[in-house]
Amino acid sequence: MLRTTTTRTLIRTASVRVTPTLTRAIARNARVGVRFASQLAHAKVPPNLTNEPVKNFGINDQKDWDLLRASITKFTDNGALEIPIVINGEKIYDRPTKPQVNPSKHSQVLANVAQASEEDIKAAIEASKTAKAKWASAPWADRAAVFLKAADLISTKYRYDMLAATMLGQGKNVFQAEIDCIAELIDFFKFNVKYAEEMYQQQPIESSPGVWNRAEYRPLEGFVYAVTPFNFTAIAGNLVGAPALMGNTVVWKPSATAALSNYVLLQILEEAGLPKGVINFIPGSPQEVTQHVLDDRAFSALHFTGSTDVFKQLYSKISSNVAEDKYRDFPRIVGETGGKNFHLVHPSASVDHSVLSTLRGSFEYQGQKCSATSRLFVPESLWPEFQTKLGAAMDNITIGNTAEPSNLQTFMGPVIHEQSFDKLAKAIDQAKTDPELKIVKGGEYDKEAGFFVQPTVVETTNPNHPFLTTEFFGPLLTAYVYPDAEFENIMETIDTATKYALTGSIFARDRDALRLAEEKLRYSAGNFYVNDKCTGAVVGQQWFGGARMSGTNDKAGSGNILSRFVSVRNIKENFYELTDFKYPSNYKN
């Protein structure tokens, strides 16, 4: 309509004879004019941007429950979904497949996921390179619109499908899924657009007379490799979305146990207008995909969330390739990895509040958050009451199939797969025989139908026991009871006993104790909580990420993360012409 109106207006005002050739030329120029105008105009994101409200799914929210049940049956009653490889927008199904099962009911195959061959991986890399020029030069408003529209689609049309896919495939209950694949994912897409707008506005603050200084935030010259985890659909969305928003193209290796929700997300992005080749979806062997990606000269960045050991291997491989001069640039390496996160309870703390906070921090989503509480330090004076109340609260935890339409109110579901189950079962068995450990609550597990591990609390008499340093990534909490007078000393142990520094909390009413903990634990956690559980960071509110062996601390949920996916060019334009090469000091008085 814009092209037609512009053409007709020009024809009416032109005092020349209109020919078909001239009409086509005018239309072509009009299209160019529209494109140039979109580059020159300063678009602003929609005002009043706020965090997406979380639906409660309470007893009175019957409509939400009904819509959710309908979406669950859509994925379960029609057989397994066939999930393709997606390269340059083309869906490839005719490859060997790997099943994604429901961890609550491992006999149920949710999806058959095509596995990328060597040729597919190379084709995905080439598609990323080919799509790069057009996407990088696309108007900022066009790139932003894709993610703003995707956010609205997730909030409305696809809300219940996203919930169902995440609940079924990743074992989340409805509330945990709602805060993940709906609220947090929408917040990432919308706030990243806002942060990008603010970044582009950051320009040199000084220009000399006759000079105009400006900054250009170029996308990286090559492509980005996104390796995404199973535990948060939102993290997968941010790992591919943040670099793509800034004009980069992405090769996406999704987790095998999150392929269902990740593929639904990709389809939403495509419906929102994502051009072909900008994000290429390559499920397959992590080792094989990674090898070909990291060996390509145009590899420009790694965006990773996963285990510390895997990240270290990738970091080492990239470093070796840099030393061998394989890359055009020094690749950006952005990673969020493991944690051994703590709750420290001071003698002045509210027992009831710290108990309930610890239960949630430890056992929400079966302890499978990188921020989950897995170390607990309680003073002797509070431990008897704390232990009793924690145990009583744990008695009310319901465990089961979180996506069973008749039982959607379940609090805890399964761990993600058999390998995780076996690791946790082995640890629980060890706790039953280790003289320095005592199971004070829980300690049961069963994988007959699904991968279910009972929430378990283990007490240790050794403040340096491996259970206080090993990341189990499940519903296993280890507690150490310290003498009240050792509050300050126990912080030294908390700070130095592990290699991680992701999240941690202090519970106290004593202000001096809070101040001391903030100071002594300054580097023990990238996200530090005062009288709150150490999980649940919200985009735009608590920027998320840890240092030490917990990652590069680039703070997802803030504008900082976007700076890792641009390469700034500064431009100086001079308006004056030289008339002499000499300096004033070269002339005699």
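The values are calculated or read from the model by the stated rules, or taken from the named source; none is laboratory data. These figures come from a predicted structure and were not determined experimentally. Note that each Cβ is placed from the backbone with ideal geometry, even for glycine, and that neighbours are counted across all protein chains shown.
For this structure, a couple of remarks:
- Residue list for region 246-265, filter: closer than 13 Å to residue 150 by Cα and crowded, with 24+ Cβ neighbours inside 10 Å: 265
- Taking each residue of region 413-427 that is closer than 16 Å to residue 107 by Cα and looking for partners that are among the aliphatic types (A, V, I, L, M) with beta-carbon atoms closer than 7 Å, six or more apart or interchain, yields 415/424; 415/453; 421/415; 421/453.
- Test for residue 330: is it surrounded by 22 or more Cβ atoms within 10 Å (Cβ to Cβ) and touching a helix residue (DSSP H, G or I) at 6+ places or on another chain (Cβ under 8 Å): no
- Among the candidates 354, 316, 320, 348, residue that is outside the structural domain of residue 291 (by TED's automatic domain parsing), surrounded by fewer than 21 Cβ atoms within 10 Å (Cβ to Cβ) and modelled with pLDDT of 95 or more: 348
- Qualifying residues in region 495-509 (those that are surrounded by fewer than 23 Cβ atoms within 10 Å (Cβ to Cβ) and touching a helix residue (DSSP H, G or I) at 6+ places or on another chain (Cβ under 9 Å)) - the one farthest from residue 546 (Cα to Cα): 508
For (1) within 25 Å of residue 308 (Cα to Cα); (2) in a loop (DSSP other than H, G, I, E, B); (3) of a type in the set (Ser, Thr, Tyr), each residue gets a yes or a no:
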site	(1), (2), (3)
554	yes, yes, no
560	yes, no, no
568	no, no, no
573	no, no, no
577	no, yes, no
580	no, yes, no
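- Checking residue 587 against (1) surrounded by 24 or more Cβ atoms within 10 Å (Cβ to Cβ); (2) at pLDDT below 95, the condition it does not meet: (1)
- Qualifying residue in region 530-541 (condition: in a loop (DSSP other than H, G, I, E, B), more than 27 Å from residue 354 (Cα to Cα) and of a type outside the set (Val, Ile, Thr)): no
- Restricting region 104-161 to residues that are β-branched (Val, Ile, Thr) and assigned to a helix (DSSP H, G or I) leaves a set whose member that is farthest from residue 91 (Cα to Cα) is 154.
- Selection within region 221-266 - under 15 Å from residue 143 (Cβ atoms) and among the aliphatic types (A, V, I, L, M): 224, 240, 242, 244, 245, 246, 250
- Only listed residue being surrounded by fewer than 17 Cβ atoms within 10 Å (Cβ to Cβ), of a type in the set (A, V, I, L, M) and farther than 30 Å from residue 527 by Cα, chosen from 403, 449: 449
- Within region 510-529, the set of residues being of a type in the set (A, V, I, L, M), buried (at least 24 other Cβ atoms within 10 Å of the Cβ) and assigned to a loop (DSSP other than H, G, I, E, B) comprises just one member, 525.
- The single condition among (1) farther than 16 Å from residue 275 by Cβ; (2) of a type in the set (A, V, I, L, M, F, W, C); (3) over 24 Å from the mean Cα position of the chain (by Cα) that residue 133 does not meet is (1).
- Just one of the numbered conditions (1) out of contact with any Phe, Trp or Tyr (no Cβ under 9 Å at 6 or more places or on another chain); (2) within 30 Å of residue 413 (Cβ to Cβ) is not true of residue 106: (1).
- Only a single item in (1) surrounded by fewer than 24 Cβ atoms within 10 Å (Cβ to Cβ); (2) of a type outside the set (A, V, I, L, M, F, W, C); (3) in contact (Cβ under 8 Å) with a residue 12 or more places away in the chain is not met by residue 395, and it is number (3).
- Filter pass, residue 508 being at pLDDT 95 or above, closer than 29 Å to residue 443 by Cα and of a type in the set (A, V, I, L, M, F, W, C): no
- Qualifying positions in region 162-179 - in a helix (DSSP H, G or I), closer than 18 Å to residue 67 by Cβ and not polar (S, T, N, Q): 162, 163, 164, 165, 167, 168, 174, 175, 177, 178, 179
To keep it simple, each residue is scored yes or no on (1) in contact with a strand residue (DSSP E or B) (Cβ under 6 Å, 6 or more places away or on another chain); (2) crowded, with 24+ Cβ neighbours inside 10 Å; (3) under 30 Å from residue 297 (Cα atoms).
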| position | (1), (2), (3) |
| --- | --- |
| 86 | yes, yes, yes |
| 90 | no, no, yes |
| 95 | yes, no, yes |
| 113 | yes, yes, yes |
| 153 | no, no, no |
| 167 | no, yes, no |
| 170 | no, yes, no |
| 177 | no, yes, no |
| 180 | no, yes, no |
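- Identity of the residue in region 191-235, of a type in the set (S, T, N, Q) and in a helix (DSSP H, G or I), that ends up surrounded by the most Cβ atoms within 10 Å (Cβ to Cβ): 233
- Every pair of residues 6+ apart whose Cβ atoms lie under 6 Å, when the first sits in region 161-176 and is under 21 Å from residue 418 (Cα atoms) while the second is of a type in the set (Lys, Arg): 166/172
- Test result for residue 389, without any contact (Cβ under 8 Å) to a residue 12 or more places away in the chain, of a type outside the set (Gly, Ala, Ser) and out of contact with any Cys (no Cβ under 6 Å at 6 or more places or on another chain): no
- Here residue 310 meets the list (1) out of contact with any strand residue (DSSP E or B) (no Cβ under 6 Å at 6 or more places or on another chain); (2) within 30 Å of residue 138 (Cα to Cα); (3) aliphatic (A, V, I, L, M) almost entirely, failing just condition (2).
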